[in-house]
Every structure is written in C-alpha cells, then in structure tokens.
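Encoded as structure tokens, the structure appears first; notes follow it.
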Amino acid sequence: MSSRTAPDAARSSPAALHLSRGISATWWYTATAVLFIEVMLVGLWAVTSTATDLSAAVPWVIGAGGLVWCAATVLLLLDYRHRTDAGPGVPWRRLTVPLLVAAAFGAAAGAAVGSWQLALMPLTQSIVLLNWQRGIRLRVVVAATLLLVALAFVDASTGVLDPETPWFLPLVYSVMLPAMSVSSLWFWDVLVALDRARASEARLAATQERLRVATDVHDLQGHHLQVIALQLELAERLLPRDPDAGLQQLHAARLSVDEARQGTRDLATRFRSVPLSDELANARDLLRAAGLEVEAVIDPDAASAPASDLGPVIRETTTNVLRHGGGRRARLALLRTTEGWRYEIVNDVAPGARDDGEGSGLEGVGRRIREAHGGLEVHRGADEFAVTVTVPPAEEEGR
C-alpha cells in the first residue's frame, strides 16, 4: 500500500467524487438564494418608485443599477466560497470593485428615490457578505440590521414611500435581508466543514491502515529474522566441531525463511482481499481472455462467504487451469451448502497433455483449506480436471 496514493484514492473514489459534485451544487444553490433575495429587493424598490411622483426613468435606473450590483455581488460570493482556504481578515484590495459598485448604486438609487435606506442597503448587504471572522461577523450582521431598521423609520417619517405601501414592509426586509443572507452562508460553511471532516477521516483511516500494516510486517519479519540470525549463529559455531548439527541448524534456518515468506504472503493476501464476487468475475474474465468458454454459477449470497479462505483458492485454481489445463472449456461454481460453502472449478484437459502432478499450488490450497477446517477434493480424469473445495461458513455468519 503506497503512502502517497492511499489518500489520493480516498479522494478520487466514486463516493468522494459524488460528494464533491454535491458540494459544488449546494454552493450554487446558496449563491442563487442570496442573489434571488437581492433581485427581489431591487424589483420591489423599482415597483415602489413607480407608485410615487417620480420621473419615469427612476425605475429603470434602479432596475439596471440593481442588476449591475447583483453581478458585482457574485465576486463577493466567489471570494467567500474559498474563505476557509484564505487567511484571516478581509482582502479589501481585491474586493474594492464590488464594494464601490454597491456604494455607487446605493448613492444613485437613494438620491433618485430620496430614500436613506435604499442609499445604504446595497453597501450594507455587500459588507455582510465579506469574509468576517465568526465573532466579528455576528456583530456586523447585528449592526447592519439595526442600521437598516433605523433608516426605515427615517424614510417613514419623511414620507418617501407611497402611502398605500404597508409601513411594516421596509422593516421586514431590513431584518430579513442580513439574516437570510448570513443563514445561507452559514449553511455553506457547515457543509464545507462536514466535507473536510470526511476527507480528514479518509486520510486518517488510510494512515491508520498503513501503520497497522507496517506494525504487522515489523512484528512478523522481526520475529523470523531474529530466529534466523540465532540459527545461523549457532550453525556457524557448530560446523567446525559437529558438521551434522551445523547442517541441521542451516536446514532449520531455511525452514524459518520459508515460514517468513509464507507469513508475508498470507499477510499481503489478507490486506489485498477483495469481495468473492469480484474474485470470481476476475477469474471468469481471465479464463475467457485465454480463449476458454467459461460458465459461472455464483450463489446470490456469495458476499457472506469467507473471502479470506476462498479468495486465494480461486486465484490459485484459476492459475492452475491456465498453466496446466490446455483445454477449451471451464466451469466455476460457488454455492451454499448445509455444511457451509462449496467452490468448484472444472476444466477439460487437452488430449496428450502432460501430467505434472498436483504441484505446489494445490498443495498450498490444501494447506490453507485445512487451516480453515475445510476439505479439498481433486479429481483427475482422462479428459477432465476438477478441484472441489468445501469450507465452513464465515465466523460472522455462523454467529
């Protein structure tokens, strides 16, 4: 397992990519919600101005200038999207243009209508959308809300609005504009925090897995290497005086090497295990790629079969068919029985094929199956070769 690719794999998995697309979609929902609020307010002011004794050009000034202001707000929202990647504070130099646009639109629209609230509302809304720190942002929102409410009372006292306009309407959007905008951004912040926590969890899991593999390898190899070193040291001392005893120690050291190699192989197999359905699909595809006609019968509940026992068996027997079969057909079957699970692989043997015996591959299969308290049957006919393996159910299933 590579220490570099494990986190990348966690980030590029289908689930992670799907979640990343969901994060992007949610961002656009958030930005659209903020822009929708602003467009509705601009439209409300434009409609309200038509009911008062103002120039016919005023609604168009408010509408066109409001759209420009909304477009400038997109720059603020895009900057806010990456707020967790930015440093503390507000990048005033980069955000000067959208803030100037908001101030200019407010000044022009407020002067045209004669409303203090409209004059300061765009700039106030833009300031609320900046990348404030959490405690400061709350104070900014409260201050902006109180300012807009106060200006609504000022406009009401000067008679700016049409008499038929409900008096409470400016108060409602004075309170709702900052609160709804910040609520949308807060929801986005929560979603980003959850996504980063998921990514951190995936990286932590990969790191823990690497540490566990490293610990197991260290314990396994450290034990065997220590034993081998002692056996070789003892053989070195015995060979001059007692060659037979020294040779016995060399033989024991060689067996320790074999045990270490087998232990390492078993450890790698355990960490590289894949679902049995995938093992069988890979075996089938491999045999078909070799030109064989393959029939596969897989129990629907194959996911509950002991993969650690049967996975290596499937790989070894598939290799055995490719190496020694020489036929044209093969059959794979994994079925549940009353005693547990039964795996069978049958292939035809080409006429005149040389019989090399069962070989070390099937010997390893037999040893592994015996350790799993299962059984192995090998049938060698004139034109057919079959390997049948039975194993008890998995421990989790048997409980």
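In terms of packing, defined here as the mean over residues of other Cβ atoms within 10 angstrom, the peptides 126-138, 224-236 line up highest first as 126-138, 224-236. The gain in end-to-end length when the V190 to T207 segment is fully stretched comes to 3.6 nm, 0.36 nm per residue minus the alpha carbon separation.
Take peptides 276-282, 293-299 and line them up by average Cβ neighbours within 10 Å, highest first, as a rough protection proxy.
Working: 276-282: 17.9, 293-299: 14.4.
Result, highest mean first: 276-282, 293-299.
No value in this document is a laboratory result; all are computed from the given coordinates. Being a predicted model, the structure only gives us computed values, none of them experimental. Neighbour counts run over all protein chains shown; Cβ positions are idealised from the backbone, glycine included.
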